[in-house]
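One structure is given here, and the rest of the page talks about it.
The values are calculated or read from the model by the stated rules, or taken from the named source; none is laboratory data. Model, not experiment: these values are computed from the prediction. Cβ placement follows ideal geometry from the backbone for every residue including glycine, while neighbour counts extend to all protein chains displayed.
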Amino acid sequence: MSQPDAQMLALATRIAQFIAGSDDLGGVFARDVTIIENFAPHIFRDVATWRDAMRSHTRPLSDLAFAFAPAVDFSVHDDRAYFCVPVTWTGKLHGKPFRELGGKSIVLRQEDGAWRVAAYAWAVVEMRFT
């Protein structure tokens, strides 16, 4: 398998959908998770704290939309998997249109018979107003 399967990619999609405004994260994250973001406090060890911080971070944003490119650097070893998904975000920051390019680095772990996100990190590689 050279790409993550549909279930694996669905987890990345659900995180992006949450960032864009959805409220459903049920079944996405493992019980023990680490999340790294580009806003303080940058390292999150629990989903509830990250959810609240993300909502605060996205408050000045509107019209958020995302598009994934094919995953890169995919590997599976026993009950762990890793991949990175290039992402393009578009939207408005304080009403001003922007385009942001970045990547979601994701580590999955088998938990209760399904893949769950054990670690997730976001990195911005370019941000510009359009």
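Check R55 against each of (1) assigned to a strand (DSSP E or B); (2) over 18 Å from L9 (Cα atoms) and name the one condition it does not meet.
(1)
Counting just the residues of the stretch 79-104 that are of a type in the set (D, E, K, R) and part of a strand (DSSP E or B), which one comes out farthest from W50 (Cα to Cα)?
K96
Quick test for you: out of V117, V76, V125, V107, pick the one residue that is of a type in the set (V, I, T), in a strand (DSSP E or B) and under 17 Å from S22 (Cβ atoms).
V117
The rows are residues; the columns are (1) exposed (fewer than 12 other Cβ atoms within 10 Å of the Cβ); (2) within 16 Å of A119 (Cα to Cα); (3) hydrophobic (A, V, I, L, M, F, W, C).
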site	(1), (2), (3)
Q3	no, no, no
T13	no, yes, no
D24	yes, no, no
V33	no, yes, yes
R45	yes, yes, no
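Does A53 satisfy the condition of being among the hydrophobic types (A, V, I, L, M, F, W, C), without any contact (Cβ under 8 Å) to a residue 60 or more places away in the chain and closer than 23 Å to G95 by Cβ?
Spelling it out, A53 is indeed among the hydrophobic types (A, V, I, L, M, F, W, C), without any contact (Cβ under 8 Å) to a residue 60 or more places away in the chain and closer than 23 Å to G95 by Cβ.
Those residues that are closer than 20 Å to A40 by Cα and not β-branched (V, I, T), I need them from the stretch 100-117; list them, please.
Correct list: E100, L101, G102, G103, K104, S105.
Given the structure, is A20 surrounded by 15 or more Cβ atoms within 10 Å (Cβ to Cβ), of a type outside the set (V, I, T) and under 25 Å from G91 (Cα atoms)?
It is true that A20 is surrounded by 15 or more Cβ atoms within 10 Å (Cβ to Cβ), of a type outside the set (V, I, T) and under 25 Å from G91 (Cα atoms).
Under 8 Å between Cβ atoms, which residue pairs at least 6 apart in sequence (or on different chains) link something in the stretch 77-100 that is at pLDDT 95 or above with a partner that is assigned to a loop (DSSP other than H, G, I, E, B) and surrounded by 14 or more Cβ atoms within 10 Å (Cβ to Cβ)?
What qualifies is A81/P4; F83/P4; F83/A71; C84/A71; V85/A71.
Test each condition in (1) touching a residue at least 40 places away in the same chain (Cβ under 8 Å); (2) under 16 Å from G21 (Cα atoms); (3) aliphatic (A, V, I, L, M) for V33 and report the one that comes out false.
(2)
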